[in-house]
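A short worksheet on the structure shown next.
The values are calculated or read from the model by the stated rules, or taken from the named source; none is laboratory data. These figures come from a predicted structure and were not determined experimentally. Neighbour counts run over all protein chains shown; Cβ positions are idealised from the backbone, glycine included.
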Ligand SMILES: NC(=O)c1ccc[n+]([C@@H]2O[C@H](COP(=O)([O-])OP(=O)(O)OC[C@H]3O[C@@H](n4cnc5c(N)ncnc54)[C@H](OP(=O)(O)O)[C@@H]3O)[C@@H](O)[C@H]2O)c1
């Protein structure tokens, strides 16, 4: 998501569960959420809200020190991490991102951390589709010619139909992209950490790379994936193939990619870069055959409404004890990354989707 800072008003919501016959609350929890849309989403549920405004730092208002479920702003701000240490009753941090590589190290280890991959899957897959089509059609040249009022007659553009795509990472984003590519008559090889029916294991990456016209990376940044697409992988890609990265910049070796692009052997589209934001004097800006977007993959219209619906479900699950979804780190699990499970938790309340 875009690293642009946006002013968020936090709301501390006090939730009371009433029994059906109107007896006093059987459970009362305090949650902190980053935008007002959550309030209207929660009024449709079986919880009752009392709102308290604050700015990311714990409020001085009564009850705010009892927050136990904290939804991070999107993108998280430095002050929101600082705020966590001042909340003695905190149990759950709900991220509104899918990637957890930046947030996880900044969250105290005793807290349960959940991410929100379902919020961004369609949007990020759309971004990847946009990249693929834009590179194949050489849209950058169209735009340049249009700016110069020049009727530039180009050669035939590359067709997406009939091509082969390798999806490195087959989670929420990879699956959403696969569904889109089906409509474009693209044959797809999905690839995840381990082999499942119809999904190849990442250990077979070198076998599949030379077969692909398009390689899309949507695996999380972990110690295992840092530099996953490096010089020896790029050299295996077909000449003229397209690399699209919508995951995290450091999953691709930037220097190795730059070398391939300068030789005009590959095409690439990057929604994410290493470093990020990309400094204005970075050599990637001047690479040929490269399209860069500023980490906008999941950032589409309707995000707040989607996030409000998502948060309502998570808060209700937490409040009712039905089990949180998307747990990436439990209280006793020091590991991280979206693939880590909640097996370290001792409570049956929490399950991983
Ligand atoms: N550009 C953006 O704005 C944007 C938006 C959303 C997400 N993202 C990035 O995209 C990443 C993926 O998002 P998602 O929602 O699709 O996550 P996800 O649902 O957790 O799926 C991740 C996929 O990556 C695979 N994977 C994990 N480690 C791997 C490894 N070592 N080698 C190969 N594959 C591996 C997983 O394999 P298994 O199924 O075997 O575990 C899974 O298929 C996020 O972590 C985030 O960094 C970026």
Can we say residue 250 is within 22 Å of residue 127 (Cβ to Cβ) and either in a loop (DSSP other than H, G, I, E, B) or at pLDDT 95 or above (or both)?
yes
Given the conditions (1) away from the ligand (no atom under 16 Å from the Cβ); (2) free of Cβ contacts under 8 Å to residues at least 40 places away in the same chain; (3) not assigned by TED's automatic domain parsing to the domain that holds residue 204, and given that residue 92 satisfies all but one, which numbered condition is not satisfied?
(2)
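To keep it simple, each residue is scored yes or no on (1) touching a residue at least 40 places away in the same chain (Cβ under 8 Å); (2) crowded, with 19+ Cβ neighbours inside 10 Å; (3) in contact with a helix residue (DSSP H, G or I) (Cβ under 7 Å, 6 or more places away or on another chain).
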{"position": "234", "(1), (2), (3)": "no, yes, yes"}
{"position": "239", "(1), (2), (3)": "no, no, no"}
{"position": "257", "(1), (2), (3)": "no, yes, yes"}
{"position": "263", "(1), (2), (3)": "no, no, no"}
{"position": "268", "(1), (2), (3)": "yes, yes, yes"}
{"position": "279", "(1), (2), (3)": "no, no, no"}
{"position": "298", "(1), (2), (3)": "yes, yes, yes"}
{"position": "301", "(1), (2), (3)": "no, no, no"}
{"position": "306", "(1), (2), (3)": "yes, yes, yes"}
So which residues in region 104-123 are more than 10 Å from the ligand (Cβ to nearest atom) and in a loop (DSSP other than H, G, I, E, B)?
107, 108, 109, 110, 111
Is region 1-18 home to any residue that is at pLDDT below 70, within 16 Å of the ligand (Cβ to nearest atom) and either part of a strand (DSSP E or B) or surrounded by 17 or more Cβ atoms within 10 Å (Cβ to Cβ) (or both)?
yes
All positions within region 169-204 that are more than 22 Å from the chain's Cα centre (by Cα), free of Cβ contacts under 8 Å to residues at least 24 places away in the same chain and not in a strand (DSSP E or B):
182, 183, 195, 197, 198, 203, 204
Residue 166 - would you say it is assigned to a helix (DSSP H, G or I) and either surrounded by 14 or more Cβ atoms within 10 Å (Cβ to Cβ) or free of Cβ contacts under 8 Å to residues at least 12 places away in the same chain (or both)?
no
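From 236, 278, 221, which residue is within 20 Å of the chain's Cα centre (by Cα) and more than 8 Å from the ligand (Cβ to nearest atom)?
Matching residue, one of 236, 278, 221: 278.
This table checks each residue for (1) within 16 Å of the ligand (Cβ to nearest atom); (2) in a loop (DSSP other than H, G, I, E, B); (3) under 15 Å from the mean Cα position of the chain (by Cα).
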residue: 88; (1), (2), (3): no, yes, no
residue: 96; (1), (2), (3): yes, yes, yes
residue: 102; (1), (2), (3): yes, yes, yes
residue: 125; (1), (2), (3): yes, no, yes
residue: 128; (1), (2), (3): yes, no, yes
residue: 132; (1), (2), (3): yes, no, no
residue: 152; (1), (2), (3): no, yes, no
Residue 157 meets each of (1) at pLDDT 95 or above; (2) more than 16 Å from the ligand (Cβ to nearest atom) with one exception, condition (1)
